[in-house]
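Scroll down for the structure; my scribbles are underneath it.
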């Protein structure tokens, strides 16, 4: 694990990179990293996340700055700008049921070849997918997702990179920390080793490649 | 009584102490405010919370304590938080006793369309497809008609949310269940006759000889 400034952490991200970004309606999103992506003007990004938040918050800032080529998300309903860019053909949006999205990310991070879910059977989500019957119940085969980078936000990080999360800011963060080839974490508080009790570590330090220093 | 209040109060009577309940956005959210005396349930927010409480007082919002719409909420004593994989494991795995969702259309077999109006409203399905596919019991809360047009139809014209049938739809005019995949009038709204319900319904509705009025 290496500690970096927010500027250095974003300099590692090339144009065209795929990013998993934690957060649910911008709660639990690494806001400082997002701001720096906008400042450095990274382009043609693919974002895998729960949602595109709202204009001016979290991933909404990346949408507003037109930095995305594709968004793979479960919900864009509270961001009219995402919908406008999608309708205009400027932004490709793939909508995925939320439970399927998190399981596809988990499959990517946990070394699975996919997951079988009943969600989406008999709906437009089934189009082009393989249906597999197990013990008389039909499931869709949903394929794993990985990304070049996972950008996660923790409540506590220690100097080794162990992470714990706060309340509903946990959401997709721990699962994405398993599925990003490079994991960049930022934290509300950086604390000495040992402050986070082993039972309270949610993301183990070896998963975290870079910890963004606090300002 | 406002239509929304009738619907929320009637659905609240379906809840039993100890149940794990997920409420959607809109009319379903109102159900929490109409729980009968002495009924205590666990409310889940799919962003990772069981024990969701009311809206905090002015100035008391916590930035990382929110519901699935991103609004500040409180957590009740005994609340717990978890990641999105567990949240949807609870939903898809049949651990949620009741989900209450809004509806755009329900067909006469109990199939629901509630996530998109193609080319007009494309918000994404969020957790709706998982909730309908996985919750033990699915209750739809919606007004009976939209600008006079029936929402309980022979066949949904909008894309379905799931092939799984819902259990109950509650409107200001009626409670309708789907035994053996047939829409059946179970109760009528306050001061509403069975004839008024069928007149406002496109679906073929089974109407038993004695249909009680909703107790609220």
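Bear in mind these aren't lab numbers, they're just calculated from the coordinates by the rules spelled out. Here the structure is a predicted model, which is why all the values come from computation and not from measurement. As a convention, Cβ positions derive from the backbone with ideal geometry for all residues, glycine included, and neighbour counts pool all protein chains shown.
Quick one: in the stretch A:104-113, which of the residues that are more than 7 Å from chain B (Cβ to nearest Cβ) and in a helix (DSSP H, G or I) is surrounded by the most Cβ atoms within 10 Å (Cβ to Cβ)?
The residue in question is A:105.
Working carefully through the options A:124, A:100, find the one that is within 11 Å of chain B (Cβ to nearest Cβ) and crowded, with 18+ Cβ neighbours inside 10 Å. Don't jump to the end; show me each part of the working.
On the way: A:124 fails: crowded, with 18+ Cβ neighbours inside 10 Å.
When all the criteria are applied, what remains is A:100.
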Point to revise | Listing of strands (runs of 3 or more DSSP E) fully contained in the stretch B:31-113 that carry 1 or more residues being at negative phi, within 21 Å of the chain's Cα centre (by Cα) and within 11 Å of chain A (Cβ to nearest Cβ) | key: B:42-45, B:49-52
Practice item. Would you check if residue B:4 is in a strand (DSSP E or B), under 15 Å from the mean Cα position of the chain (by Cα) and more than 10 Å from chain A (Cβ to nearest Cβ)? Key: no
Point to revise | Counted residues, the stretch B:114-143 - those being in a loop (DSSP other than H, G, I, E, B) and within 13 Å of another protein chain (Cβ to nearest Cβ) | key: 13
